[in-house]
1. Can you figure out the FRET efficiency of residue 66 with residue 275, using R₀ = 45 Å and their beta-carbon distance, to the nearest 0.05?
2. Could I have the simple spin-label model distance between residue 85 and residue 100, label points 7 Å from Cα toward Cβ, reported in nm to one decimal?
3. If region 74-230 were replaced by its equivalent ellipsoid, with semi-axes equal to the square roots of 5 times the Cα gyration tensor eigenvalues, what would those be, largest first, whole Å?
4. Given the Cα atoms of the chain, and with Rh set as the inverse mean 1/r over their pairs in the Kirkwood sense, what is Rg to Rh to two decimals?
5. Between residue 176 and residue 300, what FRET efficiency comes out of the Förster formula 1/(1 + (r/R0)^6) with R0 = 41 Å and r the beta carbon distance, rounded to 0.05?
6. Of the listed peptides 152-159, 256-263, 206-213, what is their order by residue-averaged count of other C-beta atoms within 10 Å, with the highest listed first?
7. Specify the angular offset, from 0 to 90 degrees and rounded to the nearest 10, of the alpha carbon long axis of helix 193-202 from the longest principal axis of the alpha carbons in the chain.
8. Report the local net charge at residue 164: Lys and Arg +1, Asp and Glu -1, summed over other residues whose C-beta lies under 12 Å from its C-beta.
Amino acid sequence: MQLQRFSFNALKDFLKQQNEPIFRYKQLQQALFREPHLTFHELTTLPLPLREKLISVFGDDLLPLRLLRVQKGMQASKYLFALQDGERIESVYMQFQEGLKSLCISTQVGCACRCAFCATGKIGIQRNLTVEEILGQVLYVSKTVTPIDRITIMGMGEALLNPHIFEVIHHFTATDEFQLSPYKLSISTVGIVPGIRKLTQLYPQVTLTFSLHFPSQTLREQWMPTAQHHRLEDIFEALDERAKLTNRKIYLAYMVMDGINNRLQDLEALKSIFEARGPLRHLYHVNLIPFHPIPHSKVQETHKSVVLRFQKQLKQHRIVATVRQSFGKSIQAACGQLSAAYPVHLQKSS
Ligand code: SF4
């Protein structure tokens, strides 16, 4: 018999069909989110006949992904997962000096946005990840490696183009599930305006990063094709609404590419963006990121001194900017480098 794809809804339906009491679902939630188990077989709190039925319907795995490889860097490790249909995704675990443990997760296989500086964008979109595949990345690491203090939804894919993302945030923050404070959850977007508005409505406490990278509409359209559909002025209107409502900082990610987006006119354009924010200006913060090389890119890696010089220039214009620590460059795990591209022996497996 063909196995059914495991999902929260399928599980609920199955338990209902079996006339199982409501607390069975609670037991399974507990096992999934709070206990180290990876298989139904290990769930000895459930009666054996029920475990056997669950295995016969969904298979033994509680998580819909399988670890293929871990690459360890200085403060970052990159996890390559195979999904049940053989697609592959990556997640990046980072340990900060203060002891905080963070996981950067993917939301799509590839990405439709095709930003020219990003290795994921080169793949194009294969599909959205399911709720369980997105959660599964965090659950795998927290069950088998270490508890996770922070989650950043900034890996492969544009999170606000995946319709499941709000359900995912619900599971991460629900008190009877992963129980993470929404303040410890960060999400980045290239500027999907309806998604930003929905996030403000449903999850004002989640930290938002807007991947600005290019401060003029023309330059953005050249490098980031989605900019044709989401204009800078509309994006900032949605961001201002969020800033006003939440009074929380909004981060502007800016990947510095020497001679491309750190010229005098770029500085002027950034200055205008900040001036246009008026009384909300103090709620915007620039995160500068050096450009990291990706295969077949004509753009050179950005030296840290170039980024520091740009930071100083921004400061002269009263724009607060931090140079973001680049974790995982040596293992191609830094911003824009994730592609899940590996040698043949690690390619799609069934
Ligand atoms: S930068 Fe983000 S949105 Fe752009 S192609 Fe890469 S993953 Fe997609």
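The values are calculated or read from the model by the stated rules, or taken from the named source; none is laboratory data. The structure displayed is predicted, hence computed values, not measured ones. Virtual Cβ from ideal backbone geometry, glycine too; neighbours counted across all protein chains shown. Just the protein is used for accessible areas: all its heavy atoms, side chains included, with ligands, DNA and RNA removed. Shrake-Rupley method; radii C 1.70, N 1.55, O 1.52, S 1.80 Å.
1. So the FRET efficiency works out to roughly 0.35.
2. 3.5
3. Details: eigenvalues 123, 65, 49 Å².
Semi-axes from the Cα gyration tensor: 25, 18, 16 Å.
4. Details: Rg = 21.3 Å, Rh = 21.4 Å.
Reported Rg/Rh (Cα atoms, Kirkwood Rh): 1.00.
5. Details: r = 50 Å, r/R0 = 1.21.
In this case the efficiency is close to 0.25.
6. Working: 152-159: 24.9, 256-263: 18.5, 206-213: 22.5.
The most tightly packed comes first, giving 152-159, 206-213, 256-263.
7. Between the helix axis and the principal axis of the chain, the angle is about 60 degrees.
8. Taking every other residue near residue 164 into account, the sum is -2.
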